[in-house]
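Structure below; questions to follow.
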Amino acid sequence: VLQGYAAEMDNPLMAHLISPELQNKKDVLFGNMEEIYHFHNRIFLRELENYVEYPELVGRCFLDQMEDFQIYEKYCQNKPRSESLWRQFSDSVFFQECQRKLDHKLSLDSYLLKPVQRITKYQLLLKEMLKYSKNCEGAEDLQEALTSILGILKAVNDSMHQIAITGYDGNLNELGKLLMQGSFNVWTDHKKGHSKVKDLARFKPMQRHLFLHEKAVLFCKKREENGEGYEKAPSYSYKHSLNMAAVGITENVKGDAKKFEIWYNAREEVYIIQAPTPEVKATWVNEIRKVLT
C-alpha cells in the first residue's frame, strides 16, 4: 500500500491521473500508516522474533511497546476522514491503475481497514495464548498485556465517538481525559423550573449519550446518520455539560437498580440516569466517584 499507492501519489509519471482535489490529500487518505509500518518493521517484529522459542513469554513484548501502540488510536481517529475521501474518488483512474500494477484482487479501501482489524485481533490472540499458558512463566505478563490492549481498544472506541460530537463550543481536550461514554435514559428535575415542566419531567425520559471527562460530563443527543461505513456512524449533538467540580452523586434511586442520580450546585439541578444494566451503572458510579474524590 505504501509503495504501490502512497508513493505513487508523488510519482511525476502518475500525476496526470490524479485529480487536483486529491493531490495534497495523501495524509488524509493514508493517515499514519507509514508510522505503523515502521513500528512493526523496525521494532515490534524484531522483538517478537526474540521469543520464537519461548512463545509464552511474548506478553513482555507487548508490555515493553505498549506506548507505541497508541499510534493505532491516531490511525482510527483519522479513518472517517479517509473513508469519506475514498468514497469521493474510489473510481478514479489513478487508483485503478495502481491496483492493476499491484495485481491486487481487492481495492485500496480493504487494505486501509487492515490496521483497524489488526489492533482488534491482538486481544483475541492474547486471550487464546492465555488459555494455554495458565500456570507457566509469563502468564502474568500475558494477562497484563491483554488488559493493556483492551484499554487501548476502549480508548480507540471512545475517541471514535468523541470526534463525532457536534456543536460543542470549547475545546474538548481541555476537559481532561475521556473516561467513559454511553447511552442512557435521563430524567431532569430543576428546582428553578416551572412546576408544569417539573411534572412533565418526571414521566418521559430523554435519550442522552453521556461523555464523562475528568473535568466535566457532557450530555449529547445521538443522531443516527444514513450512509455507508463510517458515514453511518452516529453523531452526537451537544446539549449541555456539568463541571465535575460542582457535581454530586446519589448511588441508589428507590425502586430501580439501574438508576443513579447526578446533581449539580447543591441539588439545584438533578439528573436521574438509568443505565441499560446494573453492571453499567456500577462501572459509571465507580468512575464518577473516582473523579470526585
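May I ask for the longest run of the chain untouched by GluC sites (Glu not before Pro) that are loop-located per DSSP and have at most 15 neighbouring C-beta atoms (other than their own) within 10 Å? List each step's numbers first, then the result.
Working: sites that count: Glu53, Glu137, Glu214, Glu224, Glu225, Glu228, Glu251, Glu268.
Result, exposed sites excluded: 54-136.
Can I ask one more? Could you check the spin-label model distance between Leu150 and Arg81? Points 7 Å from the Cα along Cα→Cβ, value in nm.
Reported label-point gap for Leu150 and Arg81 is 3.2 nm.
Here are some pairs, Lys127/Lys259; Lys204/Lys281; Lys239/Lys290; which of them have Cα atoms lying more than 27 Å apart in this structure?
Lys127/Lys259
Here is a follow-up. Taking 8 Å as the Cα distance limit and 6 or more residues as the minimum spacing, I'd like the relative contact order of the stretch 7-163 as a percentage.
RCO, the stretch 7-163: 34 percent.
Suppose accessible area is computed on protein heavy atoms with a 1.4 Å probe; arrange Arg100, Arg289 from highest to lowest. If you can, show how the numbers build up before the last one.
On the way: Arg100 150, Arg289 100 Å².
Heavy-atom accessible area, descending, gives Arg100, Arg289.
Now for a different question. Counting only other residues whose beta carbon sits under 13 Å from that of Ile119, what net charge do I get with K and R as +1, D and E as -1?
Value of the local net charge: +4.
Averaged per residue, what accessible area in Å² does the stretch 7-163 show with a 1.4 Å probe, protein chains only?
Averaged over the residues of the stretch 7-163, the accessible area is 59 Å².
Can you sort Tyr132, Tyr264, Tyr72 by solvent-accessible area, 1.4 Å probe, largest first? If you can, show how the numbers build up before the last one.
Details: Tyr132 165, Tyr264 35, Tyr72 0 Å².
Final ranking, largest accessible area leading: Tyr132, Tyr264, Tyr72.
Can you put Asp189, Asp158 in order of accessible area, largest first, using a 1.4 Å probe?
Asp189, Asp158
With every protein chain present, what accessible area does Leu106 have (1.4 Å probe, heavy atoms only), rounded to the nearest 10 Å²?
About 100 Å², ignoring ligands and nucleic acids.
For the chain, find the longest principal axis of its Cα atoms and tell me its angle to the long axis of helix 93-102, 0 to 90°, nearest 10.
60 degrees
Please give the helix 71-89 orientation as an angle from the longest Cα principal axis of the chain, in degrees from 0 to 90, rounded to the nearest 10.
So the helix axis and the longest Cα principal axis differ by about 70 degrees.
Express in nm, to one decimal, how much length is gained between Asn265 and Ser235 on full extension, taking 0.36 nm for each residue of separation and deducting their alpha carbon distance.
7.9 nm
Another question, then. Please work out how much accessible surface Trp263 shows to a 1.4 Å probe, ignoring ligands, DNA and RNA, in Å² rounded to 10.
60 Å²
Taking the alpha-carbon centroid of each part, what is the distance from the stretch 67-141 to the stretch 202-225 in angstrom?
31 Å
Sticking with this structure for a sec: On the full set of protein chains, 1.4 Å probe, figure out the accessible area of Thr147 and give it in Å² to the nearest 10.
That residue has around 80 Å² of solvent-accessible surface.
Between helix 114-131 and the chain, what is the angle of the helix's C-alpha long axis to the longest principal axis, kept within 0 to 90° and rounded to the nearest 10?
Tilt relative to the chain: about 80 degrees.
With r as the distance between the Cβ atoms of His104 and Leu48 and R0 = 25 Å, compute the FRET efficiency 1/(1 + (r/R0)^6) and round to 0.05.
Working: r = 26 Å, r/R0 = 1.05.
Plugging the Cβ-Cβ distance into 1/(1 + (r/R0)^6) gives 0.45.
Defining a contact as two alpha carbons under 8 Å apart and six or more residues distant in sequence, what relative contact order in percent does the chain show?
14 percent
Roughly speaking, to the nearest percent, how much of the chain's 1.4 Å accessible area is carbon and sulfur?
It is 51 percent, rounded to a whole number.
The values are calculated or read from the model by the stated rules, or taken from the named source; none is laboratory data. On a predicted model such as this, the values are computed, not experimentally measured, just so you know. Every residue, glycine among them, receives a Cβ derived from its backbone with ideal geometry; neighbour counts consider all protein chains shown. These area figures cover heavy atoms from the full protein model, side chains too; ligands, DNA and RNA do not enter into them. Shrake-Rupley method; radii C 1.70, N 1.55, O 1.52, S 1.80 Å.
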